[in-house]
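To keep things clear, I will list the structure first and then write my remarks on it.
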Amino acid sequence: MRKAFIVYLVSMLTLNSFTASAFNDVTPCEVTTHSDVLFFDETCFERLEGVSSSASFQEVSSTQNGWQPLEQRNPFIIRHPNQVIWIRFPVHNQANDTHKRFLEFPDAHNSNIQLFSIQDSAIVVTHPAVGFDLPVSNRQYLYKNVLYDLAVPYGETRWFYARVESKYESSFLVMIVSDSYVLSYFLPEYYWLGLFYGILLIMAVYNLFIYLSTRESVYVYYVLYVVCCAFYTGGEDTVLFQLFWPDLPVLNHYLFVLSPPLLALSYILYSTAFLEIKKKFKTLLMVCLASTVFAFAFSLIGQLVFYKLSTFLFYMPFLLLYGVAIYLYRQGKLFTRFFIIGSSFILVSLTVFLLRKLNVLPSNILTFYTFNFAFVVEVMLFSYALADKLKLIKKEKEEAQNLLIDSLQQQEKMKDSINQDLEEKVKQRTFQLEQQSTQLAQKNEQLQMMTDKLNEMNIKLDVDNWQLKKQVVEETKSRILLQEVSMEEFNEIFPDEAACYRFLEELKWHDGFVCKKCGNDTYVTGDKLFARKCKKCKYNESVTTNTLFQGVKFPIEKAFYITYRTFSDTDKITVEELANLVDIRTATVWAFRKKVQETKELKRKAKVKLTSWEQIIQKLKSEIR
């Protein structure tokens with residue numbers, strides 16, 4: 001006990017000696033009667049970095065070396081995530097009034113803030129630890145920012161030490177505000193935030209009902225985007241933490257990390273559906289998705305350079321899809337106009353957000369709530385853009401219907417005009433026909449006279465016909481007896497493949513078409529020349545299927561002649577001679593000739609009386625599989 005007292009006494013003496021010397025280097029913050037809000041100047045602070053996160057106040061307060069004045073540029077920024085910084089500053093109270101004043105830390109994303117104040121140069125007052133990682137119930141005042149009572153008596157100066165820990169890049173800016181200022185700021189701020197979230201809720205519910213009515217997926221993506229907007233801004237202003245999960249601060253980090261990529265993803269989904277660019281701009285959409293994924297991954301790494309890079313990548317999908325919308329508008333897609341206006345607001349707010357994150361712009365109420373204002377305007381314009389798109393589609397449909405009606409009316413008028421012309425022409429033609437009928441009656445008498453003469457001529461023609469029939473019989477007989485026909489004569493009958501296919505078509509489907517797959521007898525023209533396709537099962541049957549010429553790889557007219565010569569080979573022509581005659585390789589002629597001979601033999605075994613070469617073209621039913 002005695003040792004502990006001695007340590008405490010030594011630390012207090014050290015603190016007292018340091019406090020006395022520190023007034024020479026740090027300017028106290030002066031609180032006056034008329035100062036409702038007072039921002040600390042960087043000359044009022046000293047900061048200590050590089051100490052252990054578990055270092056106690058006694059250890060830090062007794063440290064003589066390491067305390068440094070703040071930087072001139074962005075002095076209040078915590079640049080490195082997961083960093084612990086100690087700051088100290090004196091406050092001198094010259095306000096002789098009844099107003100109560102507070103120390104306010106405006107940045108609500110600091111994970112843990114613990115304040116220590118020194119009274120009467122020896123007594124250390126430890127204030128409760130509050131922050132982004134701690135429950136709201138730890139706070140003395142249920143406000144989204146951190147507030148501490150400023151207990152500095154009139155005319156006195158007190159030193160304050162603050163331990164600030166943050167998992168993200170944040171600020172340890174400190175303000176002194178009066179109770180009247182807090183009320184004047186607190187109530188309007190929560191009023192406008194309530195109005196903001198109320199508008200988002202109304203727009204989400206309204207468009208959800210529209211989706212249930214129309215079943216258009218773009219409305220679902222719109223509702224998702226509005227919800228992600230609410231989560232994103234809720235992660236920034238921490239109102240959702242205060243109202244919905246005050247005792248679960250761990251949810252803050254999930255919301256803070258996941259809300260930006262979810263916002264970008266929902267924007268991509270909505271833009272893709274609204275602009276109808278899924279197929280035309282597929283590569284660009286992949287770039288947007290990749291940018292969102294990398295932004296999320298870099299934000300998880302936690303290092304400052306990756307955190308900055310993730311911020312730029314988060315910005316990219318909005319910029320790319322904004323450019324696509326402008327391109328479509330210039331192509332005549334008028335429904336993109338309100339989408340472009342709404343996206344312009346969000347791009348401006350994103351630009352302000354980036355500049356604020358890069359510390360180019362100061363963090364104040366204007367730059368902090370730019371997103372909220374832009375989101376409200378954007379979601380309202382996006383909702384109107386959906387209605388405008390439907391209106392334009394309906395208008396185009398009505399114009400198309402009007403054009404169709406006008407076209408039908410013109411066609412009806414043309415029909416009536418044509419019918420009148422036809423009736424007039426029919427009357428004229430009827431009169432002409434009556435006249436011609438009279439003339440024909442006169443000519444019939446003349447024709448009767450000529451008929452008698454023709455009868456005499458018919459008798460002579462009958463004699464000639466008898467002689468011709470006799471010649472045809474002789475020719476048929478010569479074919480039956482397999483008399484040889486020269487290749488030149490054969491080619492006159494089958495000059496090309498079309499003639500051959502036409503002959504096969506008449507031979508194969510002489511009794512009508514019957515599908516070999518389903519037995520249906522109706523067909524349409526097939527995919528190839530002279531092919532037939534079944535109307536029922538869509539089976540496409542070639543004209544050479546189940547014939548001797550199925551699968552033939554050389555000209556079919558030559559296959560016809562080889563078949564004919566093989567069947568009616570009276571002079572025993574050799575394979576080599578036949579190959580030279582048709583100008584085909586000997587092996588090819590030999591193989592096909594063997595196929596013809598085997599088919600001929602099968603027909604004979606089946607007791608088919610072969611009188612002509614055409615009879616061996618089609619396969620037997622037993623051969624068809």
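The values are calculated or read from the model by the stated rules, or taken from the named source; none is laboratory data. Remember, it's a predicted structure, so these values are computed and weren't measured experimentally. Using ideal geometry, Cβ is built from the backbone for each residue, glycine included, and neighbour counts are taken over all protein chains shown. Remember, those area values only see protein heavy atoms, side chains included, never the ligands or the DNA or RNA. Shrake-Rupley method; radii C 1.70, N 1.55, O 1.52, S 1.80 Å.
Any idea how many residues of the range 208-240 are in a helix (DSSP H, G or I), open to solvent by 80 Å² or more (accessible area, probe 1.4 Å) and either without any contact (Cβ under 8 Å) to a residue 12 or more places away in the chain or among the charged types (D, E, K, R) (or both)?
3
Test Trp192 against the stated conditions and say whether it is open to solvent by less than 60 Å² (accessible area, probe 1.4 Å) and of a type in the set (Phe, Trp, Tyr). Walk me through it before giving the result.
On the way: open to solvent by less than 60 Å² (accessible area, probe 1.4 Å): no; of a type in the set (Phe, Trp, Tyr): yes.
When the stated conditions are applied, Trp192 does not pass them.
If you take the residues of the range 121-151 that are without any contact (Cβ under 8 Å) to a residue 24 or more places away in the chain and out of contact with any strand residue (DSSP E or B) (no Cβ under 7 Å at 6 or more places or on another chain), which of them is surrounded by the fewest Cβ atoms within 10 Å (Cβ to Cβ)?
Ile123
In this structure, is Gly342 assigned to a helix (DSSP H, G or I) and buried (at least 20 other Cβ atoms within 10 Å of the Cβ)?
Working: assigned to a helix (DSSP H, G or I): yes; buried (at least 20 other Cβ atoms within 10 Å of the Cβ): yes.
Judged against the criteria, Gly342 is a match.
From the residues in the range 503-526 that are farther than 29 Å from Tyr564 by Cβ and assigned to a loop (DSSP other than H, G, I, E, B), which one is most open to solvent (accessible area, probe 1.4 Å)?
For the range 503-526, the residue satisfying everything is Lys517.
Just to verify a result, which residue in the range 162-207, among those that are modelled with pLDDT under 85 and part of a loop (DSSP other than H, G, I, E, B), is nearest to Phe102 (Cα to Cα)?
Step by step, filter the range 162-207, then rank; the result is Leu173.
Taking the conditions exactly as written (outside any helix (DSSP H, G or I), open to solvent by 20 Å² or more (accessible area, probe 1.4 Å), among the aromatic types (Phe, Trp, Tyr) and modelled with pLDDT of 85 or more), does Tyr154 satisfy them or not? Spell out the reasoning first.
On the way: outside any helix (DSSP H, G or I): yes; open to solvent by 20 Å² or more (accessible area, probe 1.4 Å): yes; among the aromatic types (Phe, Trp, Tyr): yes; modelled with pLDDT of 85 or more: yes.
Considered against the rule, which asks whether it is outside any helix (DSSP H, G or I), open to solvent by 20 Å² or more (accessible area, probe 1.4 Å), among the aromatic types (Phe, Trp, Tyr) and modelled with pLDDT of 85 or more, Tyr154 comes out as yes.
Step by step: first the residues of the range 249-286, then only those that are outside any helix (DSSP H, G or I) and touching a residue at least 12 places away in the same chain (Cβ under 8 Å), then the one that is farthest from Leu319 (Cα to Cα). Which residue is that? Break it down into steps so the answer makes sense when it comes.
Of the range 249-286, the ones outside any helix (DSSP H, G or I) are 249, 276-281.
Remaining after also requiring touching a residue at least 12 places away in the same chain (Cβ under 8 Å): 249, 277, 281.
On the way: Pro249: 33, Ile277: 15, Phe281: 14 Å.
Within the range 249-286, the match that is farthest from Leu319 (Cα to Cα) is Pro249.
Please find, within the range 140-151, the residue that is nearest to Leu240 (Cα to Cα) out of those that are in a strand (DSSP E or B) and among the aliphatic types (A, V, I, L, M). If you could, list the steps in order and put the result at the bottom.
Within the range 140-151, the subset in a strand (DSSP E or B) is 146-149.
Add one more test, that the residue is among the aliphatic types (A, V, I, L, M), and what stays is 146-147.
Values: Val146: 16, Leu147: 18 Å.
Across the range 140-151, the extreme among qualifying residues is Val146.
Within the range 171-198, track down each residue that is among the hydroxyl-bearing types (Ser, Thr, Tyr) and either at positive phi or touching a helix residue (DSSP H, G or I) at 6+ places or on another chain (Cβ under 9 Å) (or both). Full working, then the answer.
The first filter runs over the range 171-198 and keeps only residues among the hydroxyl-bearing types (Ser, Thr, Tyr), leaving 171, 178, 180-181, 184-185, 190-191, 197.
Selection gives Tyr185, Tyr190, Tyr197.
Quick test of your reading of the structure: Leu243 fulfils all but one of (1) free of Cβ contacts under 8 Å to residues at least 40 places away in the same chain; (2) of a type in the set (A, V, I, L, M); (3) open to solvent by less than 60 Å² (accessible area, probe 1.4 Å). Name the failing condition by number.
(3)
Considering the range 358-386 alone, what residues qualify as being aliphatic (A, V, I, L, M) and either modelled with pLDDT under 75 or surrounded by fewer than 14 Cβ atoms within 10 Å (Cβ to Cβ) (or both)?
Our first condition is that a residue be aliphatic (A, V, I, L, M); within the range 358-386, this holds for 358, 360-361, 365-366, 374, 376-377, 379-381, 385-386.
Within the range 358-386, Leu358, Val360, Leu361, Ile365, Leu366 qualify.
Consider the range 33-61. How many of its residues are open to solvent by 50 Å² or more (accessible area, probe 1.4 Å) and part of a loop (DSSP other than H, G, I, E, B)?
Number satisfying all stated conditions: 9.
Which one of the conditions (1) farther than 26 Å from Val152 by Cβ; (2) modelled with pLDDT under 60 does Pro81 fail to meet, given that it meets all the rest?
(2)
For residues in the range 531-546 being in contact with a Lys or Arg (Cβ under 7 Å, 6 or more places away or on another chain) and either aromatic (Phe, Trp, Tyr) or in a loop (DSSP other than H, G, I, E, B) (or both), which is surrounded by the most Cβ atoms within 10 Å (Cβ to Cβ)? Reasoning before the result, please.
As a first pass, look at the range 531-546 and keep what is in contact with a Lys or Arg (Cβ under 7 Å, 6 or more places away or on another chain): 534, 537, 539-543, 546.
Applying the additional criterion that residues be either aromatic (Phe, Trp, Tyr) or in a loop (DSSP other than H, G, I, E, B) (or both) yields 537, 539, 542-543, 546.
Values: Cys537: 12, Tyr539: 16, Ser542: 19, Val543: 23, Asn546: 16.
Of everything passing the filter in the range 531-546, Val543 is surrounded by the most Cβ atoms within 10 Å (Cβ to Cβ).
Please count how many residues of the range 567-604 are among the hydroxyl-bearing types (Ser, Thr, Tyr) and either touching a Leu at 6+ places or on another chain (Cβ under 8 Å) or not in a helix (DSSP H, G or I) (or both).
Residues meeting the conditions: 4.
In the range 87-103, what count of residues is obtained for those that are within 27 Å of Thr63 (Cβ to Cβ) and either charged (D, E, K, R) or open to solvent by less than 10 Å² (accessible area, probe 1.4 Å) (or both)?
Within the range 87-103, residues that are within 27 Å of Thr63 (Cβ to Cβ) and either charged (D, E, K, R) or open to solvent by less than 10 Å² (accessible area, probe 1.4 Å) (or both) number 6.
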